[in-house]
Amino acid sequence: MYKIDGSELYEYQQQLLQPPEDIPIWKKKCLTVEEAAAYSGIGERRLKALLMDKDCSFRIARSDRLLIIREKLEEFIDSSTEL
C-alpha cells in the first residue's frame, strides 16, 4: 500500500490551488462576456442582450454568471447579417 506523507500531500494541494496557465481566448471553449466582447468586437451590452434571448444557442447559464460557447458564437456571427 502506498503511503502519502504530509509534505507530499501539501505540495499536491498547492498545485491544485494554483491558477492554470493563461490560455489564449481563441483556444478556450467557454468565454465570459468580457472575453467574448474582446474576441468578437461586439459590445458587452449587446452580448448581454443577445444572451437574454431565450433562443440563444451559444449561452451556458451558471448560477452566478453566463458563459458563452466560443465556437457557437462564431457560427452565430458568421450566419448573422447584422447584430
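The values are calculated or read from the model by the stated rules, or taken from the named source; none is laboratory data. Note that this is a predicted model, so its numbers are computed, not measured. Quick reminder, even Gly has a Cβ in these numbers, built from the backbone with ideal geometry, and neighbours come from all protein chains shown.
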**OP:** Would you please name the residue that is surrounded by the fewest Cβ atoms within 10 Å (Cβ to Cβ), looking only at residues in the range 52-73 that are out of contact with any helix residue (DSSP H, G or I) (no Cβ under 6 Å at 6 or more places or on another chain) and assigned to a strand (DSSP E or B)?
**Re:** ALA61
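If I ask for residues that are outside any loop (DSSP other than H, G, I, E, B) and either among the aromatic types (Phe, Trp, Tyr) or closer than 19 Å to LYS29 by Cα (or both), which ones from the range 40-51 would you list?
Within the range 40-51, SER40, GLU44, LEU47, LYS48, LEU50, LEU51 meet the criteria.
For (1) touching an Asp or Glu at 6+ places or on another chain (Cβ under 8 Å); (2) modelled with pLDDT of 90 or more, each residue gets a yes or a no:
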residue	(1), (2)
GLU11	no, no
PRO19	no, no
LYS28	yes, no
ILE42	no, yes
ARG70	no, yes
LEU73	no, yes
